[in-house]
Amino acid sequence: MILNDFKAGAGAVLLREMLLLKVKLTRFGFVFYSLMSPLIYLAAFGFGFGSRISFDGVRYELFLVQGLISMTSMMNSYNLVMTSVSFGRLHNKSFQTIITSPTSPAAIMAGLILSGILRGLVAAAVIIGAGYLLFDVFVLSGFAAVALLLNLAFFSGLGVIVGLLIKDMESSAMIMNFFIMPMSFFSGTFFPVDNLPNAVKGVVYLFPLTHTNIIMRAQTLDGAVIVSGLILLAATLAVGTVGTCTMSNYSE
Amino acid sequence: MILVAENLSKSYRRVQAADNVSLRIDVGEVFGLLGPNGAGKTTVIKMISTLTHPDSGSVVIKGFDIRAQARQARSAFAVVPQENNLDGELSVVDNLRVYASLHRVATPRAAIDRIIAEFGIADKARVPVEKLSGGQKRRVMIARVMLTQPELILLDEPTLGLDPSFRRDIWNLITRIRRQGTAILLTTHYTDEAESLCDRVAIMSKGRIIHEDTPQNLITTAGSFVLETTDSNGQRDFRLFTSQEEINRSLIDRKDIEPYTVRAAKLEDIVANVEHNH
């Protein structure tokens, strides 16, 4: 009974998000806006440095595609979920319809995270496809799948929390500039974290995206991969819990 | 009782938006919260609808405490807020689908077809909500909550900003919903709306309920007659009286109130009197 309620509630929230996404996908500007930056990074860095650089015997193009999958999935899941929640709360007030429905906070949280995962998977698929077409590299391993799913779940959950807490849309730009953007560049997307000074490295290992990239590029299941996996899993469970509590205590 | 709200208080920073508000609404009753903008009506609706946590007080809907048994309480009521909260990019039918899904309507397709036919919105069913007029959006918002056949509807300023024909249209919808036995808590600052639709009315001012009764009893108790006067400086004023004799007595020895008129009191006069005195 409780499980059925949870599934139905999460499904209802997911249905709304997917209907909204369907409408948005018909607009060229939306697709362009979401994927243009990572595709430009891929083309510019890939063609610019690709054949001249390799890290530990790994072609730079492969390294870059792996990093961009992590970054793009993070950006898309976080941005789209955060915008959906905050815009629904602060502007068109449609979020109030969800919060005053009999759907449990945990189910709302799950529905929103699932919607972020699906949106992020679409974005990641575009980068995987572009990497294959442009540089003949194909990133699809068990490690990559785990990294991608954990990354999407964490950043979708984070998007819900930020969306629930911000007071205006300007605050979201601040979080983007101070947290998401530095993470995009320093977490091993374009170059190995090991190249950074030790002091910076200490901070960078606090970023979830760094651990996504470690798992994404893993060849074997070694200690570092297990630790990164556990950190990412714990972070994902933490945002899920915090998000559900924030939803439960939501008050205008 | 479908709704029992007791001693609800809420303040935002230093503004007391609701101060010890208590309400009881019977099954099938239409109860109006009447008052000017800023009286605290929307805050009360938001607290009852679980959107705003009260600083103190309690709300029980159909026997369920909204804090401890929020999900059960939310199954018994529906909210139509003051502002349009439909998803503008989605069509009318998609908005209905999402709502039916959120509220676990057992046979959603049949319920949506029924509501579309009942509310006469078949020609707009596939139209994105953002393309509808204000009155049409309000009609869809009311239609949407009827998908779940709730036992209590919270209607916040249902005709605010609508032209007279749409206002009349919404009044007819509310009358129809009431006939189905649904209780309605309605906030409005239109006295004619409250007088025409409500069984009982509470007049709010500065976050407090000042009077509560049937519209007719409020008029009778506060004064059935109004003496409108204009003093020598052209300043207009009015006073409520319970009888014509009382008016006559008050006019003796007052030569400075020329001209004056006497007429039957309306709910509007009672509300204006409350605003004047509080």
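With A:Phe138, A:Phe143 as the choices, which residue is surrounded by fewer than 24 Cβ atoms within 10 Å (Cβ to Cβ) and without any contact (Cβ under 8 Å) to a residue 40 or more places away in the chain?
Details: A:Phe143 fails: without any contact (Cβ under 8 Å) to a residue 40 or more places away in the chain.
Just a single option satisfies the conditions, and that option is A:Phe138.
State all residues of segment B:50-65 that are part of a loop (DSSP other than H, G, I, E, B) and more than 10 Å from chain A (Cβ to nearest Cβ); if no residue qualifies, say none.
If we filter segment B:50-65 for residues that are part of a loop (DSSP other than H, G, I, E, B), which is where we start, we get B:50-55, B:62-63.
Across segment B:50-65, the qualifying residues are B:Asp55, B:Lys62, B:Gly63.
Pairs, please: C-beta under 6 Å, at least 6 apart or cross-chain, first residue more than 7 Å from chain B (Cβ to nearest Cβ) and in segment A:91-105, second of a type in the set (D, E, K, R) and assigned to a helix (DSSP H, G or I)?
Close Cβ pairs satisfying both conditions: A:Phe95/A:Arg89.
Given (1) farther than 24 Å from B:His103 by Cα; (2) touching a helix residue (DSSP H, G or I) at 6+ places or on another chain (Cβ under 8 Å); (3) within 14 Å of chain B (Cβ to nearest Cβ), where does A:Met71 come up short, assuming only one miss?
A:Met71 satisfies every listed condition except (3).
Could you count how many residues in segment B:265-278 are outside any helix (DSSP H, G or I) and either farther than 20 Å from B:Ala194 by Cα or at pLDDT below 75 (or both)?
Here is the first cut: in segment B:265-278, the ones outside any helix (DSSP H, G or I) are B:265-266, B:278.
The next check asks that each one be either farther than 20 Å from B:Ala194 by Cα or at pLDDT below 75 (or both); those that pass are B:278.
The number of residues fulfilling the criteria is 1.
Of the conditions (1) more than 16 Å from the chain's Cα centre (by Cα); (2) within 14 Å of chain B (Cβ to nearest Cβ), A:Leu140 satisfies every one except a single condition; which number is it?
Tallying (1) more than 16 Å from the chain's Cα centre (by Cα); (2) within 14 Å of chain B (Cβ to nearest Cβ), A:Leu140 fails exactly one: (2).
Could you please give the count of residues in segment B:101-118 that are within 12 Å of chain A (Cβ to nearest Cβ), surrounded by fewer than 18 Cβ atoms within 10 Å (Cβ to Cβ) and small (Gly, Ala, Ser)?
Residues flagged as within 12 Å of chain A (Cβ to nearest Cβ), surrounded by fewer than 18 Cβ atoms within 10 Å (Cβ to Cβ) and small (Gly, Ala, Ser) within segment B:101-118 amount to 1.
Here's a check for you: in segment B:17-40, which residue that is acidic (Asp, Glu) and outside any strand (DSSP E or B) is surrounded by the most Cβ atoms within 10 Å (Cβ to Cβ)? Steps first, please.
Quick first cut of segment B:17-40, residues acidic (Asp, Glu) only: B:19, B:26, B:29.
Filter again for outside any strand (DSSP E or B), leaving B:26, B:29.
On the way: B:Asp26: 13, B:Glu29: 19.
Step by step, filter segment B:17-40, then rank; the result is B:Glu29.
Select from segment B:37-62 the residues that are under 14 Å from B:Asn7 (Cβ atoms), among the aliphatic types (A, V, I, L, M) and in contact with a helix residue (DSSP H, G or I) (Cβ under 9 Å, 6 or more places away or on another chain) and list them in ascending order.
Residues satisfying the conditions are B:Val59, B:Val60.
Collect the residues in segment B:187-219 that are under 16 Å from B:Val274 (Cβ atoms) and either of a type in the set (Asp, Glu) or without any contact (Cβ under 8 Å) to a residue 12 or more places away in the chain (or both), keeping them in residue-number order.
B:Glu195, B:Glu212, B:Asp213, B:Asn217
Condition first: more than 14 Å from chain B (Cβ to nearest Cβ), part of a loop (DSSP other than H, G, I, E, B), without any contact (Cβ under 8 Å) to a residue 12 or more places away in the chain and not small (Gly, Ala, Ser). Can you find one or more residues in segment A:42-54 that meet it?
At the first step, the residues of segment A:42-54 found to be more than 14 Å from chain B (Cβ to nearest Cβ) are A:42-54.
The next check asks that each one be part of a loop (DSSP other than H, G, I, E, B); those that pass are A:53.
Pick out the ones that are also without any contact (Cβ under 8 Å) to a residue 12 or more places away in the chain and you get A:53.
With the extra rule that they be not small (Gly, Ala, Ser), the set shrinks to A:53.
The answer is yes; a qualifying residue exists.
So which helices (runs of 4 or more DSSP H) stay within segment A:198-252 end to end and still have 1 or more residues that are within 14 Å of another protein chain (Cβ to nearest Cβ) and at pLDDT 95 or above? Let's see the steps before the verdict.
On the way: elements: A:198-204, A:208-216, A:223-248.
Where helices (runs of 4 or more DSSP H) fall fully within segment A:198-252 and carry at least 1 residues being within 14 Å of another protein chain (Cβ to nearest Cβ) and at pLDDT 95 or above, they are A:223-248.
Filter segment B:119-147 down to the residues that are more than 16 Å from B:Ile177 (Cα to Cα), of a type outside the set (Lys, Arg) and part of a loop (DSSP other than H, G, I, E, B) and list them by number.
If the condition is that a residue be more than 16 Å from B:Ile177 (Cα to Cα), of a type outside the set (Lys, Arg) and part of a loop (DSSP other than H, G, I, E, B), then B:Ile121, B:Ala125, B:Val127, B:Leu132, B:Ser133 are the ones that fit.
So which of B:Val98, B:Val93, B:Val79 is more than 15 Å from A:Thr97 (Cα to Cα) and either within 7 Å of another protein chain (Cβ to nearest Cβ) or not small (Gly, Ala, Ser) (or both)?
Numbers: B:Val98 fails: more than 15 Å from A:Thr97 (Cα to Cα); B:Val79 fails: more than 15 Å from A:Thr97 (Cα to Cα).
Result: B:Val93 is the single residue among B:Val98, B:Val93, B:Val79 that is more than 15 Å from A:Thr97 (Cα to Cα) and either within 7 Å of another protein chain (Cβ to nearest Cβ) or not small (Gly, Ala, Ser) (or both).
Do any residues in segment A:18-40 that are within 14 Å of chain B (Cβ to nearest Cβ) have Cβ atoms under 6 Å from those of residues that are acidic (Asp, Glu), where the two are at least six apart or on different chains, and which pairs are they?
Listed by first residue and then by second, the contacts come to A:Leu19/B:Asp94; A:Val23/B:Glu89.
For segment A:25-61, enumerate the residues that are surrounded by fewer than 16 Cβ atoms within 10 Å (Cβ to Cβ) and of a type in the set (Ser, Thr, Tyr).
The answer is A:Thr26, A:Tyr33, A:Ser37, A:Ser51, A:Ser54.
From A:Ser77, A:Ser84, grab the single residue that is within 14 Å of chain B (Cβ to nearest Cβ), in a helix (DSSP H, G or I), among the polar types (S, T, N, Q) and in contact (Cβ under 8 Å) with a residue 24 or more places away in the chain. Spell out the reasoning first.
On the way: A:Ser77 fails: within 14 Å of chain B (Cβ to nearest Cβ).
Only one candidate passes the filter, namely A:Ser84.
How about segment B:81-91: which of its residues are farther than 14 Å from A:His91 by Cβ and surrounded by fewer than 21 Cβ atoms within 10 Å (Cβ to Cβ)? Before the answer, list the steps.
Let us first name the residues in segment B:81-91 that are farther than 14 Å from A:His91 by Cβ, namely B:82, B:90-91.
Those that are farther than 14 Å from A:His91 by Cβ and surrounded by fewer than 21 Cβ atoms within 10 Å (Cβ to Cβ): B:Gln82, B:Ser91.
The values are calculated or read from the model by the stated rules, or taken from the named source; none is laboratory data. This is a predicted model, so every value here is computed, not measured. Positions of Cβ are backbone-derived with ideal geometry, glycine not excepted, and every protein chain shown enters the neighbour counts.
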